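The values are calculated or read from the model by the stated rules, or taken from the named source; none is laboratory data. Since the structure is predicted, the reported quantities are computational estimates derived from the model, not experimental observations. All Cβ positions, glycine included, derive from the backbone under ideal geometry; neighbour counts span all protein chains shown. With ligands, DNA and RNA removed, areas are computed over all heavy atoms of the protein, side chains included. Shrake-Rupley method; radii C 1.70, N 1.55, O 1.52, S 1.80 Å.
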Amino acid sequence: MDIVLALVAAFLFALGLVLQERAASQGPADDVGAGFLVRLVGEPVWLLGFAAQGLGFAAQATALAIGRMVIVQPLLVATIVFSLPIARVVTKRQIRGIEWIGALVVTGGLAALLVVSKTDEGADDASLGVWLTVGGACLGI
């Protein structure tokens, strides 16, 4: 169930992003500043996108409450994959072949992650030494 909820969250994030992008792109290109944000808040399409994002966060939180973060969080990358067909339908945007290939690569990577990862093994908490080692490596990178 955690996997399903994570994918639902990714879909809702993608839907929200596409709707908000559509609303933002309908104004003049040089429209920036506070007036731009005020205009967006009055746009029903933008508000619908905002609501979809909120539902996505709720689905993600529920997935994290019942599942493991090591599975739920990587699945949110599916937002990229879901945004392509949603953008095709909502904005009539033509999707190039290279974009579909990229979506297939991401989907394959996510599938491989689910198949080969051993999320049942390991400890639920790491020692301070492990946290410092990983944190130092991340800072180094």
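Laid out as a table, the results:
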{"read-out": "Helices (runs of 4 or more DSSP H) lying entirely in segment 30-141 (those with 1 or more residues that are touching a Pro at 6+ places or on another chain (Cβ under 9 Å) and surrounded by 15 or more Cβ atoms within 10 Å (Cβ to Cβ))", "value": "97-116"}
{"read-out": "Segment 30-66, residues that are farther than 22 Å from Ser83 by Cβ and among the aliphatic types (A, V, I, L, M)", "value": "Val32, Ala34, Leu37, Val38, Val41, Ala65, Ile66"}
{"read-out": "Unmet requirement for Ser25, which otherwise passes all of (1) over 21 Å from Val106 (Cβ atoms); (2) open to solvent by less than 40 Å² (accessible area, probe 1.4 Å); (3) in contact with a Ser or Thr (Cβ under 9 Å, 6 or more places away or on another chain)", "value": "(2)"}
{"read-out": "Which listed residue, of Gly49, Gly67, Gly56, is closer than 23 Å to Leu114 by Cβ and in contact with a Leu (Cβ under 7 Å, 6 or more places away or on another chain)", "value": "Gly56"}
{"read-out": "Residue check for Ile71: more than 30 Å from Ala126 (Cβ to Cβ), of a type in the set (A, V, I, L, M) and touching a residue at least 60 places away in the same chain (Cβ under 8 Å)", "value": "no"}
